[in-house]
1. Looking at the range 118-153, which trypsin sites (Lys or Arg not before Pro) are in a loop (DSSP not H, G, I, E or B) and have at most 12 other Cβ atoms within 10 Å?
2. For the range 52-69, in order, what is each residue's ³J(HN,Hα) by Karplus, 6.51 cos²θ - 1.76 cosθ + 1.60 with θ = phi - 60°, in whole Hz (x at glycine and Pro)?
3. Given Cβ point charges of +1 (Lys, Arg) and -1 (Asp, Glu) and nothing else, what value in debye, to the nearest 20, does the dipole of the chain about its Cα centre take?
4. For Phe26 paired with Asn47, estimate the spin-label separation in nm (one decimal), with each label point 7 Å from Cα along the Cα-to-Cβ line.
5. Rolling a 1.4 Å sphere over the protein heavy atoms, what is the accessible area per residue of the chain, to the nearest Å²?
6. If one computes P(r) from the Cα atoms of the chain, what percent of pairs lie at distances over 30 Å?
7. How large is ³J(HN,Hα), in whole Hz, for each residue of the range 156-172 in order, when computed from phi with the Karplus curve 6.51 cos²θ - 1.76 cosθ + 1.60 and θ = phi - 60°, using x for Gly and Pro?
8. Counting other Cβ atoms within 10 Å, which trypsin sites (Lys or Arg not before Pro) in the range 1-63 have at most 13 and lie in a DSSP loop?
Amino acid sequence: GRGAYDNVRKVTWLLLATGTAEVLLFFLALFTGLPLPLTAVQLLWLNLVTNGIQDVALAFEKVEPGVLERKPRRPDEPIFNRRMIQQTLLSGGYMGTVAFVLYFFLIESLGMGEAEARNLVLMQMVLFENMHTFSCRSETRSMFAIPLRANPLLVLAVVAAQGVHIAAIFVPGLNTVLG
């Protein structure tokens, strides 16, 4: 039961943090008067491909060591507690801010066109969200402390999502839809 509860929290953290990053990216772009950083199709693609595969694989994360030594949680404790809020704001804030800085730099400093800048920001968000998936494997341990072989399904999901996105950049027709 504790392992299942922890995995629900991990998936929640992943989805809320990546959503926070996307919302922050859009608000910063609107606030500074830049064009929207992603199209509706790109945003849908980002959420379906990047989060759609990884969240299922993350749900199969093994129970963390010492889970039975922890004190039981209060029955009325919400799943979205203070720790989850802090982690979501920190990770989502970082991803969204860095993506905005990249977008701003590409448009304002390099004079890049909207389509090319959006493509690079989309790729960066896919990379960030894929890496963040590994951070979500534990609320207390570093992603570097958990062996990749502990959840090969997650590794496969991240590699597949990244591969699908890279292929979408080069597949005629799909790259036109994604802009």
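1. Arg141
2. Coupling constants for the range 52-69: x, 8, 5, 5, 5, 5, 5, 5, 9, 4, 5, 5, 6, x, x, 5, 7, 7 Hz.
3. The dipole magnitude comes to about 740 debye.
4. 0.8 nm
5. Solvent-accessible surface per residue comes out at 54 Å².
6. More than 30 Å apart: 24 percent of the Cα pairs in the chain.
7. Per-residue couplings from phi come out as 4, 5, 5, 4, 5, 5, 5, x, 4, 5, 4, 4, 5, 5, 9, 7, x Hz.
8. Taking the range 1-63 and a limit of 13 other Cβ atoms within 10 Å, the loop trypsin sites (Lys or Arg not before Pro) found are Lys62.
The values are calculated or read from the model by the stated rules, or taken from the named source; none is laboratory data. Since we're looking at a predicted model, the values are computed, not measured. We place every Cβ from the backbone using ideal geometry, glycine too, and count neighbours over all the protein chains shown. Note: accessible area is taken over every heavy atom of the protein model, side chains too, but ligands, DNA and RNA are not part of it. Shrake-Rupley method; radii C 1.70, N 1.55, O 1.52, S 1.80 Å.
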